[in-house]
1. Mind listing the long-range amide H neighbours of Phe160? Cut-off is under 5 Å, sequence gap 5 or more, other chains count too, H placed in the peptide plane at 1.01 Å from N.
2. Output the peptides 210-222, 189-201 sorted from most to least packed, where packing is the average of other Cβ atoms within 10 Å over each peptide's residues.
3. How much length, in nm to one decimal, is gained on full extension between Asn21 and Asp182, taken as 0.36 nm per residue of separation minus their Cα-Cα distance?
4. Using a basic spin-label model with each label point 7 Å from the Cα along Cα→Cβ, how many nm lie between Ala207 and Tyr150?
5. Would any residue of region 214-228 have its amide N under 19 Å from a label point 7 Å out along Cα→Cβ of Arg247? List them or say none.
6. What number, rounded to the nearest 500 deg cm²/dmol, is the helix-based mean residue ellipticity at 222 nm of the chain, given -39500 (n - 2.57) per DSSP H run of at least four residues and division by all its residues?
7. Can you give me the orientation-averaged projected area of the convex hull built on the Cα atoms of the chain, in nm²?
8. R0 = 22 Å: FRET efficiency of Thr324 with Ile108, Cβ-based, nearest 0.05?
Amino acid sequence: MNDDILGMYDSFKSSLLELKNKEDLETLRVSMLGRKGAITEKLKNLSSIEDIEEKKVLGKEINDFKKFVEENIVLARTNLTELDFLSSVEKSYIDITLSGRRPSIAAINILTKVEEEIISIFRSLGFGVAEGFELEDDYHNFEALNMPYYHPARDNHDTFFVSSDRLIRTHTSGMQIRLMKDINPPIAAISPGKVGRRDAIDAKHSAVFHQIEGFLVDKDVSFNHLKGLLELFCKRIFGNSTKIRLRPDFFPFVEPGVDLSATCVVCKGEGCKTCGYEGWLEILGGGMIHPNVFEHVGYDTNKYTGFAFGMGVERIAMLKYGITDIRMFYENDIDFLKQW
Ligand code: PHE
């Protein structure tokens, strides 16, 4: 073989070994096969050789070398691509010896838990459960609950009206009407659900909150039944040592109406910041169902009496768990939600 070409083989092979990246490879390729590359030059020089035999032999040797160079450049490119890949893997190296991050497991919201607890207490006492509609009509939310359109008590319910007759229910009491219209006494039911009022939002008020309505109608139902039931409920939800206090209150759909307080869950009645140093916390409203309500649903007022009560789920959850801001329930703050 021509010495020159032999030398070219050697230097090409050692260049190949020194390649560090694709730029080096490209430089090498151009130096060999480019327009002014060593091989191109060699091929050009062929024409100056006069001896046909010599020209033929040298030509073949140059072309063999050219083929060798081309094949090795392709191989080198593949190797460099693989190297690139390996080094990128190395950069994103996963240390399997590191301890893992524990995924957090979702839990039931504390508000839902309290709602379920209240429901299960009444269920265990024989109350049925019926959810109503969040969008109510004027009749069920007000009219049939002894609040005709001119009644001043409507002002206490800052109502979101959707149309002249549709509104976001301001309380769950409308479900008393729907259920009593459907079912004849004896009836005992509770109705949990979302309600809405145009309240300014602060630590104690939310425009949307949750209530649980309860009522019972039968022959000879007295106020004592209501008192006994609510006392039992308070002991179950807040603890056995809880006492209750009833004070007169006004709701158009009950007569007499009461407001029930339970001994403060924090100070047990001693007086503290939570209860405003009174020892008592207002929990719910209730009373004996007004005869006008019975008239609306077609119950015989001479035959039946009944009681009704309604409570805010947020309020009970806040008191039970010492939550001081109602907005915490809705903000989905993971640290808050994780506590329970
Ligand atoms: N619906 C009343 C309210 O939202 C609560 C209540 C229910 C009072 C039933 C008496 C009887 O404030």
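The numbers here are math on the coordinates, done by the rules we state, and not lab data. Keep in mind it's a predicted model, so treat the numbers as computed, not measured. FYI the Cβ positions are ideal-geometry reconstructions off the backbone, even for glycines, and counts take in every protein chain you see.
1. For Phe160, whose amide H was placed from the backbone, the distant partners under 5 Å are Ile168, Arg198.
2. Per-residue Cβ counts within 10 Å, averaged per peptide and sorted highest first, yield 210-222, 189-201.
3. Separation in residues times 0.36 nm, less the Cα-Cα distance, equals 49.6 nm.
4. Label-label distance for Ala207 and Tyr150, simple model: 3.3 nm.
5. 227
6. -13000 deg cm²/dmol
7. Computing the convex hull of the Cα atoms and averaging its projections yields 33.7 nm².
8. 0.55
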